[in-house]
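> Shown below is the structure under consideration.
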Amino acid sequence: MIDIITKYFPDLTDLQCQQYEMLDALYRDWNSKINVISRKDIDNLYEHHVLHSLAIAKVLRFKPSTEILDFGTGGGFPGIPLAIMFPQCRFHLIDGIGKKIRVATEISKAIGLTNVEALQRRGEEETRKFDFVVSRAVMPLPDLMKLIRKNIRKEQHNALPNGLLCLKGGDLHEELKPFKNIVEVYPLNDFFDEEWYRENKKIIYVPIG
């Protein structure tokens, strides 16, 4: 079932493979109680959610001790798949909806993640500093940038300067205008072969100095 993950990330440990495999039954169970993934999309968990989250790992391999804020995590995307991929990094998942945070918390515990913290918290309320913010299309980019600038620390130790890595789709021309001189856009079909990734899906990287 995780063949689509090992296809693009062939160097996973046995523990990482086991953790990814466990996600299917866990998300199906929780989704039957608390709808965090579209019911008709749960069969596409690995292609549309887990692998989609891991596209960030194709842009940047986080170094150990990096701290990442998953802004508007929902049921744990992209934070949980990335936390499995980078066990020596710290992931802080926030969402304003408590029942979604409960799902992310329980799934993290069930697969044995020790590098994840999930909190019910609105972005406006988050005051801590992180190396990177990651998110999946929670709001228009200018609005998101206003909220997360305060959360990016200046000291850096990764290959890219600290900033935002955001998974987005559709026509982003207007959203990106205010950042046109600094933004980097990575089409996901550069990384993944599946048809779903040819539908104008991208990672947006905005450095924040």
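The values are calculated or read from the model by the stated rules, or taken from the named source; none is laboratory data. These numbers were taken from a predicted model, which means no experiment stands behind them. Neighbour counts run over all protein chains shown; Cβ positions are idealised from the backbone, glycine included. Accessible surface areas use protein heavy atoms only, side chains included; no ligands, DNA or RNA. Shrake-Rupley method; radii C 1.70, N 1.55, O 1.52, S 1.80 Å.
> What are the residue pairs meeting all of these: first residue in segment 193-209, first residue under 9 Å from CYS166 (Cβ atoms) and hydroxyl-bearing (Ser, Thr, Tyr), second residue modelled with pLDDT of 95 or more and open to solvent by 30 Å² or more (accessible area, probe 1.4 Å), Cβ atoms under 6 Å, and 6 or more apart or on different chains?
Short answer, once both residue conditions are applied: TYR205/GLU184.
> Additional query: How many residues are outside any loop (DSSP other than H, G, I, E, B), farther than 21 Å from PHE62 by Cα and of a type outside the set (Gly, Ala, Ser) when one looks only at segment 120-138?
3
> So LEU147 fits all but one of (1) of a type outside the set (D, E, K, R); (2) assigned to a strand (DSSP E or B); (3) in contact with a Gly (Cβ under 6 Å, 6 or more places away or on another chain); what number is the exception?
Here LEU147 clears every test but (2).
> Considering only segment 24-80, state which residues are more than 22 Å from PRO140 (Cα to Cα), hydrophobic (A, V, I, L, M, F, W, C) and touching a residue at least 40 places away in the same chain (Cβ under 8 Å).
Within segment 24-80, LEU26, TRP30, ILE34, VAL50, LEU51, ALA57, LEU60, PHE62, ILE80 qualify.
> Find the residue count for segment 34-50, including only residues that are open to solvent by less than 30 Å² (accessible area, probe 1.4 Å) and either closer than 21 Å to ALA83 by Cα or under 17 Å from the mean Cα position of the chain (by Cα) (or both).
7
> All but one of (1) farther than 14 Å from GLY79 by Cα; (2) in contact (Cβ under 8 Å) with a residue 40 or more places away in the chain hold for SER135, so report the exception by its number.
If we test SER135 against (1) farther than 14 Å from GLY79 by Cα; (2) in contact (Cβ under 8 Å) with a residue 40 or more places away in the chain, just (1) comes out false.
> Say we look at segment 23-33 and pick out the residues that are buried (at least 16 other Cβ atoms within 10 Å of the Cβ) and of a type in the set (A, V, I, L, M); which of these is nearest to the chain's Cα centre (by Cα)?
Top of the filtered list is LEU23.
> When residues of segment 1-29 are filtered for being more than 23 Å from LEU167 (Cα to Cα) and in contact with an Asp or Glu (Cβ under 7 Å, 6 or more places away or on another chain), how many remain?
The qualifying residues number 1.
> Can you tell me which condition GLY72 does not meet? The list is (1) at pLDDT below 95; (2) open to solvent by 10 Å² or more (accessible area, probe 1.4 Å), and all the others hold.
It fails just one condition, (1).
> Between ILE101, ILE182, which is part of a loop (DSSP other than H, G, I, E, B), in contact (Cβ under 8 Å) with a residue 12 or more places away in the chain and surrounded by 13 or more Cβ atoms within 10 Å (Cβ to Cβ)?
Result of the check over ILE101, ILE182: ILE182.
> Which is surrounded by fewer than 19 Cβ atoms within 10 Å (Cβ to Cβ) and touching a helix residue (DSSP H, G or I) at 6+ places or on another chain (Cβ under 9 Å), of ARG153, ARG136, ARG128?
Of the residues listed, the single one that is surrounded by fewer than 19 Cβ atoms within 10 Å (Cβ to Cβ) and touching a helix residue (DSSP H, G or I) at 6+ places or on another chain (Cβ under 9 Å) is ARG128.
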